[in-house]
Structure formats: C-alpha cells, structure tokens
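The values are calculated or read from the model by the stated rules, or taken from the named source; none is laboratory data. Please read all numbers here as calculations on a predicted model, not as lab measurements. All Cβ positions, glycine included, derive from the backbone under ideal geometry; neighbour counts span all protein chains shown. Surface accessibility is based on the protein's heavy atoms, side chains included, excluding ligands, DNA and RNA. Shrake-Rupley method; radii C 1.70, N 1.55, O 1.52, S 1.80 Å.
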Amino acid sequence: MSENQDVQKRIDTLTETVNDYAHHYYVLDQPKVPDAEYDRLLQELEELEAAHPELKRSDSPSERVGGEPLDHFRKVQHDIPMLSLSNAFNEEELRDFDRRVRDGLGVNPTYSVELKIDGLAITLKYEAGEFVLGATRGDGTTGEDITRNLKTIPSIPLKLKESVTLEVRGEAFMPKASFNRLNEAREEKGEALFANPRNAAAGSLRQLDPKIAAKRNLDMFVYSVGQIEGKTIDSHTETLDYVSKLGFKINPEAKHCNGIEEVVDYVNSWLDRRGDLDYEIDGIVIKVDSLDHQEELGFTAKSPRWATAFKFPAEEVVTKLIDIELSIGRTGVVTPTAILEPVSVAGTTVQRASLHNEDLIRQQDVKIGDRVTIKKAGDIIPKVVNVLTEQRDGSEEDFSMPEHCPACESELVRIDGEVALRCVNPECPAQIREGLIHFASRDAMNIDGLGERVITQLHSRELVRNVADLYRLEKEAIMALERMGEKSATNLVEAIEATKSNSLEKLLFGLGIRFVGSKAAKTLAMHFETMDALMEADKEALIAVDEIGDKMADSIVMAFEQPGMKHLIGALKDLGVNMTYTGPKRITAEESDSPLAGKTVVITGSMEQYSRKEAKTEVEARGGKVTGTVSKKTDLVIAGEKAGSKLDKANELGIEVWDEARFIDELS
Ligand code: IVH
C-alpha cells in the first residue's frame with residue numbers, strides 16, 4: 001500500500017469513529033467515550049487533514065467548525081412547499097379537529113403526538129447519504145441556503161447510516177442553558193440581548209460567518225420526511241423510527257395515541273411540565289399517524305388537514321408600559337419595575353414586570369408609554385424582554401433613574417464595578433422594611449404569619465423599627481392592625497416567641513450581612529458555634545473556614561464593627577434570642593469513621609429513599625462535604641436514576657461513582 005493509501009485508511013477510520021462518538025454524544029445523549037478520548041482522535045484527524053488536505057472527507061467532523069464567511073445566502077426553491085399548521089387553542093378546538101378528521105376518513109384514526117419545538121423550521125437534503133443542502137423555510141416556497149451554518153450543528157449528521165437520497169424537515173433550536181449563557185456573556189460585553197431562544201437560534205443561523213453559528217450550541221430535532229427515494233413508509237411513527245435509524249436526532253417525548261382521549265391526556269400532561277424541559281416548546285403537534293390517511297385527508301391552501309398544533313397559552317404577550325416604579329431592596333439596591341396595562345400571560349394576569357436594572361432600561365431604550373413584550377416562563381417573575389420602538393407615536397416619555405433615594409431622599413451611589421444604583425443610608429426606611437421581611441422569611445427566622453403585609457403596617461406605624469422590636473411586640477398593638485383579630489395576634493406573638501430558640505444560623509442569615517447566604521450562615525454557625533466566637537473572629541480565622549472567601553470575610557468583619565450591629569445583637573441577646581448553634585453536630589473528618597469522611601461529594605440524579613437534601617445531610621453528618629459541580633477536586637459522585645452530565649463528567653475524570661444501593665450500604 002502506498003503512503004497515501006495508508007493515510008486515507010487512517011483518515012477514514014478516524015472520521016467514522018469520531019462521527020460515531022459524536023452521534024452517541026449529541027444525538028443519542030449516551031456518550032461512548034470520555035471527552036478527552038474524542039478530543040485526542042479529533043486532533044489526530046485534524047493533523048492528518050492539514051498535512052493531506054486532498055484526502056479530507058466531506059463528512060469530516062472538522063467541517064463543523066465553520067470556515068470562511070459568505071457574502072450572502074443563496075435562495076433555495078423548496079421542491080415541496082414548507083407549510084404551517086392549523087391551530088387549536090383549547091380542548092374544544094382539539095376535539096373539533098378530531099371530529100373533522102374522523103368525518104373525512106369515515107374511520108377512527110390513531111394519532112402521533114409530539115412536542116412543538118419553539119425554534120425555526122429547517123429542511124435538510126441528503127444525496128446517497130451525504131448532506132448536500134440545508135435551508136430555512138423562508139416564505140414557505142423559497143428559503144435560504146444555510147448549509148454551512150447547519151453543518152456546525154453537531155446533531156445534524158453529515159453522512160447517514162444508509163446511502164439514501166431524501167429530504168427531512170425539523171426544528172433547529174437553542175437549548176435554554178445555551179441561551180442563558182449567551183445572553184450573560186453579551187450582557188457582560190454590553191451587547192444587545194436576544195429576547196428569547198428562538199430569536200437567538202434564528203439570529204445565529206442568519207450569520208454569514210459560520211464560525212459564529214458554530215459557537216452557539218444549536219441543536220435540531222427532525223420530525224418529518226419531505227421526500228424519499230426507493231423506500232415506502234406507512235406511518236408517521238415509522239418515519240420517526242426510520243430517521244432515527246439514519247442518524248437524526250428525534251424528540252424522545254413523541255407518543256402514539258389510540259384516539260382523542262389519549263391525545264387530550266398527553267396535551268394536559270405537558271401544560272405544567274413544559275418548564276422542566278431544557279428547550280422551549282410552544283405547544284403540541286397532533287398528526288394522523290397513517291400516511292394513507294394523511295394522503296386521503298390532504299391539504300388546505302395553507303396547512304395539512306391531517307395535523308394541527310395545540311398552542312399553549314402564550315408565554316409572551318405585548319402590552320403597554322404605563323409607568324416605572326422603583327423599589328429599594330434590603331441592601332439598598334434600586335430596582336425598577338414596569339407597571340403594565342394588565343394582560344393575561346400563560347394563564348395569569350400580569351400587571352408588573354421586572355426591568356432588571358438601569359443598564360437594561362438604557363439598552364432596551366424603554367420609554368413610558370411604550371408597547372413592550374412581556375415574558376413569563378414557568379414560575380419565573382415576568383420580565384420585559386423587548387420594546388416595540390417601531391410602534392411609537394411620539395407621546396412616549398423618557399425615563400431616567402433618579403439621583404436620590406425615593407424612600408429617604410439620600411443620594412444614590414454606584415459602587416465601583418456594579419451596575420446597580422444603591423441607597424447607602426442605613427436608616428433608609430425602605431431598606432429597614434425589606435430587612436424585616438428578610439428576617440422573618442423562611443430560610444431566616446421563619447416567623448409564621450409575619451409576611452410582607454403585616455410588616456409593612458408594623459413598620460409604617462413605627463411599632464417596629466428594627467428586628468429586635470419584633471420581640472418587644474405586644475398582642476394589643478398587633479390587634480390594632482388591619483384584618484388582625486385577637487386570635488391571629490396571639491398566634492403571631494407566640495410564633496415570634498418560638499423563634500427565640502432558633503439555631504444560630506437562622507439568626508445569622510436573618511441579619512442580612514452582605515454575601516452571607518443561608519448556606520454560608522450554616523457553615524459559619526457550625527464552625528464557630530456561638531455568636532460571640534463569630535464576632536471575635538478576624539479575617540484570617542474566617543477565611544480558614546472551608547467555603548468562606550475573601551469577600552465574605554471582609555463583609556462579616558465590617559458588619560460586626562458597626563456600632564449599630566453590635567447594639568442590635570446585644571438587644572436580641574437581652575430579649576432572650578438564642579445565640580448558639582443547636583443543629584446536628586459537625587463531625588470532623590478525623591472524628592468520623594465513615595468512608596465519606598473528608599470526601600468532597602457530588603450528589604446527582606434522583607434516588608428513591610432520599611431527596612438530594614436528605615442525602616446531603618447524611619453525607620455531612622459523616623464528615624463529608626457536598627458540592628454542586630464535578631471537578632478534579634471531587635472524590636466521589638453519588639448518582640441516582642437519570643443522572644446526566646455530572647455522571648458523564650465523573651466517568652470522564654475517572655472519579656469514583658456510587659449508586660443509591662451502595663450509598664445506603666455505606667451509610668449503615
Ligand atoms: S410538523 C406541514 N412537528 O411548527 C407542517 N412542526 O406551523 C408540518 N414545529 O414552522 C410541521 N415542532 O417548524 C411539526 N414536532 C413538530 C414541530 C413543528 C415545531 C413548527 C414547524 C412549523 C410550525 C407549524
């Protein structure tokens with residue numbers, strides 16, 4: 001064999017092996033080898049290709065990195081138009097669709113149901129198994145050739161497992177995690193943010209420079225075959241099986257349903273679960289399963305009669321921004337909130353939405369009177385994601401942040417390196433009120449019945465000026481508040497009294513020292529055991545504690561130097577508030593004989609007998625330390641069912657892994 005033949009053989013093997021590993025990783029979500037092994041082979045391939053460019057294969061994984069920018073996208077005529085779907089907005093309309101289908105066919109069909117991915121429709125052409133053309137939908141008849149960008153999407157096969165000629169269609173999208181990462185990076189660089197993952201995906205695929213698309217972590221699910229040579233397929237379910245066998249990524253949630261009742265159940269089951277997915281969906285697509293039935297039903301001018309899209313209540317709507325209100329947080333940060341013309345989003349009425357911070361207002365150029373897009377996804381607080389500047393009529397008013405605190409009139413400052421404006425007056429009534437709310441909240445002192453409404457009244461009537469005053473409250477004073485009877489007042493006094501015996505970490509977190517979250521409060525309380533010991537600790541003693549960093553240590557020292565803080569703690573002590581740690585005793589690695597002692601442990605996946613929180617307590621009680629991310633410092637990963645990327649990472653790094661059974665064994 002000549003040298004070139006040898007090289008070609010090696011290039012062939014490497015191309016095929018790397019593509020197979022990538023298929024397992026990106027399409028099947030079942031990595032076959034550690035990342036390092038994949039990288040090693042890819043590097044060898046790239047080196048060979050650099051030395052012998054003429055031997056590089058068209059399906060080489062190195063094709064995915066991008067290449068030179070284009071100067072425009074070529075127009076592509078679709079052989080078969082890319083239609084859209086009719087919609088059903090409620091159960092009744094869904095049942096109407098089923099009735100029309102049954103009337104049209106004269107029999108009861110079965111359905112294939114799948115998620116409606118909120119991305120953009122894409123068509124992919126393969127000739128003899130090779131990816132030759134990928135295009136956008138465009139106006140349905142003519143789209144744009146974005147082959148180069150699509151090649152950068154790792155789940156789109158460059159070569160199929162069979163040498164077929166066909167066209168498939170599906171949805172390209174950006175996973176939520178990639179979207180959030182992208183926007184965070186853009187915010188840091190002061191670049192305009194994408195309003196949602198769909199726009200981000202579309203924007204990425206519309207870039208003439210494929211290197212940009214390559215960095216955007218896009219993905220694609222295939223959901224239909226447009227045309228195919230030399231193969232008959234009988235049903236949509238079969239279509240999905242077949243394209244999956246060819247190497248395409250199909251959505252794992254698709255289901256075959258025996259009638260409309262099962263369809264309705266499937267749709268309902270997704271209404272409150274959609275937020276759990278790591279990509280956005282905007283509905284459910286219902287398709288008559290048999291392709292003969294599909295043909296019999298045919299199309300209207302715009303859409304197939306054999307399919308419909310059940311659309312979820314919109315998570316994004318447009319409404320008018322009527323005002324911007326400012327609120328002062330516990331730490332003095334000024335946050336603007338948009339006051340909106342009430343509008344229904346995802347099933348609830350929204351009148352307020354977060355505007356995040358001043359930079360965002362400037363970036364988005366929000367004016368009072370603007371029409372804005374509001375987004376409410378899952379339990380997340382609604383936020384303003386976009387301003388429809390093109391709809392302005394000139395009556396809109398500029399908004400700028402004030403120079404003085406709206407609550408106490410003191411000058412607002414911008415601390416170096418922070419985007420937020422801050423009121424630094426420790427006597428600011430708004431901050432005090434927020435501080436009281438925080439003190440009573442669940443992870444802090446957890447005072448039953450003492451919510452925002454009651455605190456606002458207690459504070460505005462000057463019955464409570466600081467957290468110590470809460471312990472001085474008498475029943476009669478509380479009874480004078482709105483909607484407060486004798487019984488509730490008695491309950492509240494008792495609830496406040498009961499929190500005097502809380503363990504130290506609750507009080508410590510409740511004091512609201514900057515950077516001290518509930519987790520750090522617990523670590524500190526466990527370590528120092530008493531408030532006095534903590535107050536005496538200098539910076540060195542603080543940073544010697546695991547997980548306490550420089551910034552937090554400075555903040556703690558500074559907080560306890562304040563005369564106001566010393567006075568407050570003295571007052572709480574005099575009122576009988578407990579100042580010691582009374583939680584489970586910290587076991588040091590030396591004291592514990594458990595195999596978990598001294599280990600850095602990551603818990604992932606779901607277990608039958610333990611919640612993750614319970615498992616964590618068990619590990620900590622044996623002198624182990626639980627962290628959230630797998631790294632070289634991790635000693636052990638406890639992996640329940642459906643453990644995902646953390647388990648992969650552990651395997652890749654060669655870290656010891658226990659399943660639930662082993663964990664239970666080791667506990668006893
Ligand atoms: S089937 C004749 N299945 O929804 C059109 N479409 O109006 C057949 N979409 O832009 C489309 N997920 O890109 C189908 N599982 C799915 C889908 C899906 C998202 C998009 C599609 C199109 C729109 C339908």
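Annotations for the structure displayed:
- LEU240 meets the stated requirement of being buried (at least 20 other Cβ atoms within 10 Å of the Cβ) and either away from the ligand (no atom under 16 Å from the Cβ) or among the aliphatic types (A, V, I, L, M) (or both).
- Residues in region 631-668 that are among the acidic types (Asp, Glu), part of a strand (DSSP E or B) and modelled with pLDDT of 90 or more: GLU656 only.
- Residue list for region 63-83, restricted to those being out of contact with any Pro (no Cβ under 9 Å at 6 or more places or on another chain) and surrounded by 13 or more Cβ atoms within 10 Å (Cβ to Cβ): GLU63, PHE73, VAL76, HIS78, PRO81, MET82
- The residue of region 210-227 that is surrounded by the fewest Cβ atoms within 10 Å (Cβ to Cβ), among those that are more than 16 Å from the ligand (Cβ to nearest atom) and aliphatic (A, V, I, L, M), is ILE212.
- Candidate set from region 434-467 (those that are outside any helix (DSSP H, G or I) and among the hydrophobic types (A, V, I, L, M, F, W, C)); member that is nearest to the chain's Cα centre (by Cα): ALA444
- Only listed residue being under 28 Å from ARG148 (Cβ atoms), touching a residue at least 12 places away in the same chain (Cβ under 8 Å) and in a helix (DSSP H, G or I), chosen from GLU54, GLU63: GLU63
- Among the residues making up region 297-337, those that are in contact (Cβ under 8 Å) with a residue 60 or more places away in the chain, within 30 Å of ARG514 (Cβ to Cβ) and not β-branched (Val, Ile, Thr) are LEU326, SER327, GLY329, ARG330, GLY332, PRO336.
- For region 306-328, the count of residues that are within 30 Å of ASP398 (Cα to Cα) and among the small types (Gly, Ala, Ser) is nonzero.
- Top-ranked residue of region 339-356 - restricted to ones that are at pLDDT below 80 and more than 14 Å from GLU325 (Cβ to Cβ), ranked as least open to solvent (accessible area, probe 1.4 Å): ALA346
- Pairs linking a residue in region 82-108 that is without any contact (Cβ under 8 Å) to a residue 40 or more places away in the chain to a residue that is more than 14 Å from the ligand (Cβ to nearest atom), with Cβ atoms under 7 Å and 6 or more positions apart or on different chains, are ARG102/ASN108.
- Filter result for VAL263 (assigned to a strand (DSSP E or B) and either under 30 Å from GLN30 (Cβ atoms) or at pLDDT 90 or above (or both)): no
Residues are listed down the side, and each one gets a yes or a no for (1) among the aliphatic types (A, V, I, L, M); (2) surrounded by fewer than 18 Cβ atoms within 10 Å (Cβ to Cβ); (3) part of a helix (DSSP H, G or I):
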site: GLU482; (1), (2), (3): no, yes, no
site: LYS487; (1), (2), (3): no, yes, yes
site: LEU507; (1), (2), (3): yes, no, yes
site: LYS519; (1), (2), (3): no, yes, yes
site: LYS522; (1), (2), (3): no, no, yes
site: MET535; (1), (2), (3): yes, yes, yes
site: LEU542; (1), (2), (3): yes, no, yes
site: ALA553; (1), (2), (3): yes, no, yes
site: MET565; (1), (2), (3): yes, yes, yes
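- Here THR617 meets each of (1) within 30 Å of ASP469 (Cα to Cα); (2) open to solvent by 70 Å² or more (accessible area, probe 1.4 Å); (3) assigned to a helix (DSSP H, G or I); (4) not charged (D, E, K, R) with one exception, condition (1).
- Residues in region 20-29 that are over 15 Å from LYS245 (Cα atoms) and surrounded by fewer than 19 Cβ atoms within 10 Å (Cβ to Cβ): TYR25 only.
- When region 124-160 is filtered for residues that are closer than 25 Å to VAL18 by Cα, among the β-branched types (Val, Ile, Thr) and within 16 Å of the ligand (Cβ to nearest atom), the ones remaining, listed by number, are ILE146, ILE153, ILE156.
- Yes/no for GLY624 being open to solvent by 40 Å² or more (accessible area, probe 1.4 Å), in contact (Cβ under 8 Å) with a residue 24 or more places away in the chain and under 33 Å from the mean Cα position of the chain (by Cα): no
- Checking HIS256 against (1) outside any helix (DSSP H, G or I); (2) away from the ligand (no atom under 11 Å from the Cβ); (3) crowded, with 19+ Cβ neighbours inside 10 Å, the condition it does not meet: (3)
- Those residues of region 71-88 which are more than 14 Å from the ligand (Cβ to nearest atom) and either within 26 Å of VAL263 (Cβ to Cβ) or part of a strand (DSSP E or B) (or both), in sequence order: LYS75, VAL76, GLN77
- The number of residues in region 191-209 that are open to solvent by less than 50 Å² (accessible area, probe 1.4 Å), within 16 Å of the ligand (Cβ to nearest atom) and assigned to a helix (DSSP H, G or I) comes to 4.
- Filtering ILE447, ILE455, ILE415 for residues that are without any contact (Cβ under 8 Å) to a residue 24 or more places away in the chain, open to solvent by less than 40 Å² (accessible area, probe 1.4 Å) and within 28 Å of LYS522 (Cβ to Cβ) leaves a single hit, ILE455.
- For SER112: the one exception among (1) within 15 Å of the ligand (Cβ to nearest atom); (2) at pLDDT 95 or above; (3) assigned to a loop (DSSP other than H, G, I, E, B): (3)
Conditions tested, residue by residue: (1) in a strand (DSSP E or B); (2) touching a residue at least 40 places away in the same chain (Cβ under 8 Å).
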{"residue": "LYS211", "(1), (2)": "no, yes"}
{"residue": "ASN217", "(1), (2)": "no, yes"}
{"residue": "VAL222", "(1), (2)": "yes, yes"}
{"residue": "VAL225", "(1), (2)": "yes, yes"}
{"residue": "GLY230", "(1), (2)": "no, yes"}
{"residue": "ILE233", "(1), (2)": "no, yes"}
{"residue": "ASP241", "(1), (2)": "no, no"}
{"residue": "LYS245", "(1), (2)": "no, yes"}
{"residue": "PHE248", "(1), (2)": "no, yes"}
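- Scanning region 290-319 for residues that are within 13 Å of the ligand (Cβ to nearest atom), open to solvent by less than 30 Å² (accessible area, probe 1.4 Å) and either within 22 Å of GLU261 (Cα to Cα) or in a strand (DSSP E or B) (or both) returns GLN294, LEU297, PRO304, ALA307, THR308, ALA309, PHE310, PHE312.
- Subset of region 166-190 [open to solvent by less than 20 Å² (accessible area, probe 1.4 Å) and not in a helix (DSSP H, G or I)]: LEU166, GLU167, VAL168, GLY170, ALA172, PHE173, MET174
- Exclusive hit being within 34 Å of the chain's Cα centre (by Cα), among the acidic types (Asp, Glu) and either closer than 30 Å to GLN5 by Cα or modelled with pLDDT of 95 or more (or both), set ASP98, ASP118, ASP59, ASP103: ASP59
- For region 322-338, the tally of residues that are open to solvent by 70 Å² or more (accessible area, probe 1.4 Å) and part of a loop (DSSP other than H, G, I, E, B) stands at 1.
- Flag for GLN43 being in contact (Cβ under 8 Å) with a residue 12 or more places away in the chain, open to solvent by 60 Å² or more (accessible area, probe 1.4 Å) and either more than 16 Å from the ligand (Cβ to nearest atom) or among the basic types (Lys, Arg) (or both): no
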